[in-house]
Amino acid sequence: MKPTTSIAKRRPSITVCRRLCLCFGCLVFLLPCTSSRTNAFHVPDAILHFTTGAVAGGAGAVAAYPFDYIKSQMQTEYGKQKFDNGVDAFVETLKQRPLDLYKGVGVQVLGIAPEKGIKLGVNDVLTTACYAQLGGFPVWCQILSGGIAGACQVVASSPLEVLKVGLQTSDMTFPQVWNEVGGAKGLFRGAGACVFRDVLFTAICFPLYN
């Protein structure tokens, strides 16, 4: 009886994943039509940058999520006691509970899409503004635009981390995790650390990339 109940509980998650993949597939198909500034749908650049970043971030999150799940397991005392290392954790989870590798993926996608959309969108807008006002894109401007983009993305990255880790490291459902963190007020617990992390990351990443 228990395995049947477990499978029944996980079916909604599978349905959500399929719907998310379908949505992202449609967006990826439509994006080439809006890839230039003079696209057929006349989409404003800011919206285009945000959408492109959101789709790219969501697709990347789905592909890499099993590894993120294993990382979270190995960072807990329970995971350290149960598994020898990351490889062992991946193999054992794949054998015993393969669907757990995507446990909480809905929250990850819904959080990572706006996070990457905000980060890449803000950086692109600031880059365009720098070229328009300065006629170039000096290093100090690259660092500044990257830092601002990182600070803006915390609006999405902080709640994402709180909910995702709660789902990955426990058997609680989303409503239970929501209540455990204290509702909306608890979503920005540790946001200060997220600001320093994301600002530093993007202030270094974007200038080196450019």
query: Could you give the Stokes-Einstein D for the range 112-198 in µm² per second, using the C-alpha Kirkwood radius, 25 °C, 0.890 mPa s?
result: 171
- request: Give the long-range amide H neighbours of residue 137: residues separated by 5 or more places, or on another chain, with amide H under 5 Å away, using H modelled in the peptide plane at 1.01 Å from N.
  value: none
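Beyond 15 Å, what percent of the Cα pairs of the range 148-200 remain? The partial results should precede the final answer.
Values: 611 of 1378 pairs.
For the range 148-200, the fraction of Cα-Cα distances above 15 Å is 44 percent.
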query: Residues in the range 64-79 near a label at residue 100, defined as backbone nitrogen under 15 Å from the 7 Å Cα→Cβ point?
result: 66-79
- line: Once residue 155 and residue 187 are pulled to full extension, the length gained, defined as 0.36 nm per residue separation minus their Cα-Cα distance, is 10.5 nm
query: Hey, if you drop one equal point scatterer on each alpha-carbon of the range 47-181 and run the Debye formula without solvent, what base-10 log of I(q)/I(0) do you get at q = 0.13, 0.16, 0.17, 0.19 Å⁻¹?
result: -0.65, -0.85, -0.91, -1.03
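For a distance above 19 Å, tell me the whole-number percent of Cα pairs in the range 54-110 that qualify. Please list the in-between numbers first.
On the way: 459 of 1596 pairs.
Of the Cα pairs, 29 percent sit more than 19 Å apart.
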query: Mind listing the Cα extents of the range 84-161 along all three principal axes, in Å, largest one first?
result: 58, 23, 15
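What net charge is computed for the residues neighbouring residue 82, neighbours being all others with C-beta under 11 Å from the C-beta of residue 82, Lys and Arg scored +1, Asp and Glu -1? Don't skip to the answer; put the middle values down first.
Working: positive: 80; negative: 77, 84, 88, 92.
Residues close to residue 82 contribute a combined charge of -3.
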statement: For the range 78-122, using Cα atoms only, the Rg and Dmax in Å read 15.1, 42
query: Label points 7 Å out from Cα along the Cβ direction at residue 172 and residue 78: separation in nm?
result: 1.1
query: So how do 45, 84, 68 line up by other beta-carbon neighbours within 10 Å, fewest first?
result: 84, 45, 68
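What is the sum of charges, Lys and Arg at +1 and Asp and Glu at -1, for the other residues whose Cβ falls under 11 Å from the Cβ of residue 73?
On the way: positive: 71, 80, 82, 103; negative: 68, 77, 88, 92, 100.
Net charge in that neighbourhood comes out at -1.
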field: Relative contact order of the range 142-210, defined on C-alpha pairs under 8 angstrom at six or more residues apart (%)
entry: 60
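No lab work stands behind these numbers, since they all come straight from the coordinates. What you see is a predicted model; the values in this text were computed from it and never measured. Cβ coordinates were reconstructed from backbone atoms using ideal geometry, including for glycine residues, and neighbour counts include every protein chain displayed.
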